[in-house]
Amino acid sequence: MKFYGPKRAVNGVTLQVGEGEIYALTGPDGAGKTTLVQLLAGTIKPDSGEVWLCGHSMRENPGEAHARLGYLSQGFSLYEDLTVAENLRFFAEVRGIKGGALDERVHRTLDFVGLEPFAGRLAGALSGGMKQKLALGGAMIHEPGVLLLDEPTSGVDPITRQAFWRLLVALLERGTSVLMTTPYMDEAARCHRVGLLREGRLMIEGTPAALTRDLSGRMLEVRGDPLRVIADRSQQLEEVERVQLFGDHLHLSLRPDSLARVQDQLLEEASSRNWSGVSVEAVEPSLEDAFLALLERQA
């Protein structure tokens with residue numbers, strides 16, 4: 001539990017992340033994701049409750065807990081007037097790595113994050129994606145058992161996101177436990193488990209497959225023009241529970257066993273009303289569909 005004045009920023013959250021597992025924490029802005037990660041990292045203290053990392057209590061044995069933790073915050077700072085290698089040496093020394101082990105660890109980390117060719121380049125001269133890789137290297141230089149990542153791919157291009165994910169997969173293969181916050185549902189869907197945080201509470205968690213199972217066979221993707229008119233008409237159909245606009249198409253959440261009926265009705269109306277370019281296709285539900293349905297039921 002964590003309070004800021006009368007506000008419960010984190011409210012009775014309990015979660016576990018297993019060895020070699022990646023857990024995605026998602027939710028709307030202000031849900032408490034960053035606060036929860038800061039509590040797990042020990043940068044702020046809970047008003048009640050306890051954090052355990054690799055069997056060590058953050059409250060009773062913070063030194064041992066921190067030794068097994070890597071933390072990449074949204075505001076992770078690099079020293080831009082130091083080179084890539086000098087940054088990693090600094091982070092290693094802060095973690096107590098010395099002597100020959102230090103050089104070997106820096107070299108191994110450079111190789112892992114793909115920055116060996118840029119070891120002598122100033123951090124300030126790196127691209128955004130390379131800075132993110134260097135920040136990850138700094139967070140994992142001591143080879144922690146647990147890695148906390150607060151929106152690690154926000155603001156980077158899709159290619160950089162893919163490269164970053166390849167590094168995460170390699171860390172999981174080492175047995176590292178990863179908890180990350182992300183606003184991207186496609187990223188959350190790649191994780192072993194996902195938790196939805198809202199107003200400081202963990203509303204639901206599970207595997208992506210389990211979270212979307214309830215909507216399977218009940219989703220239609222609709223395209224056409226005029227899309228707003230089609231959306232309004234779809235909302236009027238008794239079998240349609242929810243209409244969500246996604247850019248140039250709609251997702252319709254339906255009552256059970258009504259998919260074919262709604263599909264036929266919309267195609268018939270498209271013909272009679274001269275809607276153009278209309279397609280109505282059954283699709284598998286996304287995590288975003290599942291979370292929107294949950295939030296609507298909660299409301």
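The numbers here are math on the coordinates, done by the rules we state, and not lab data. Note that the structure is a prediction, hence the values are computed from the model and not measured. Cβ sites come from the backbone with ideal geometry, for glycine too, and all protein chains shown count toward neighbours.
Here are the numbers for the structure shown:
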{"item": "Selected from GLY12, LEU267, GLY63, residue furthest toward positive end of dipole (the chain; charges at beta carbon)", "result": "GLY63"}
{"item": "Cα-projected label distance for ARG68 with ASP232, points at 7 Å along beta-carbon direction, nm", "result": "5.9 nm"}
{"item": "Lysine pair number, Cα distance threshold 25 Å (strictly under), the chain, separation 8 or more or different chains", "result": "9"}
{"item": "Convex hull volume per residue for the chain, taking Cα atoms only, in Å³", "result": "154 Å³"}
{"item": "Residues HIS107, HIS56 arranged by fewest to most Cβ contacts within 10 Å", "result": "HIS107, HIS56"}
{"item": "Kirkwood hydrodynamic radius (C-alpha pairs) into Stokes-Einstein, region 217-283, 37 °C and 0.692 mPa s, D in µm²/s", "result": "286 µm²/s"}
{"item": "Sorted by Cβ neighbour density within 10 Å, fewest at the top, the residues CYS54, CYS191", "result": "CYS54, CYS191"}
{"item": "Whole-number percent relative contact order across the chain, with pairs defined as alpha carbons under 8 Å at least 6 apart", "result": "21 percent"}
{"item": "Mean ellipticity per residue at 222 nm, deg cm²/dmol - from DSSP H runs of n ≥ 4 across the chain, formula -39500 (n - 2.57)", "result": "-11500 deg cm²/dmol"}
{"item": "Label-to-label distance, nm, for residues given as LEU15 and ILE204 (7 Å Cα→Cβ offset)", "result": "1.6 nm"}
{"item": "Packing rank of 209-222, 133-146, 6-19, where each peptide gets the mean count of other beta carbons within 10 Å, highest leading", "result": "133-146, 209-222, 6-19"}
{"item": "Cα-centre dipole for the chain with unit charges at Cβ (Lys and Arg positive, Asp and Glu negative), debye to 20", "result": "760 debye"}
{"item": "Alpha carbon centroid spacing (whole Å) that separates region 251-273 from region 53-107", "result": "56 Å"}
{"item": "Relative contact order for region 1-139, counting Cα pairs under 8 Å that sit 6 or more residues apart, in percent", "result": "19 percent"}
{"item": "Given charges at beta-carbon only (K, R positive; D, E negative), |dipole| of region 217-283 in Debye", "result": "120 debye"}
{"item": "Kirkwood-based shape ratio for region 1-97, expressed as Rg/Rh from alpha carbons", "result": "1.01"}
{"item": "Neighbour-count order for ARG193, ARG161, fewest beta carbons within 10 angstrom listed first", "result": "ARG161, ARG193"}
{"item": "FRET E, pair SER127, GLU239, Förster distance 41 Å, beta-carbon r, rounded to 0.05", "result": "0.25"}
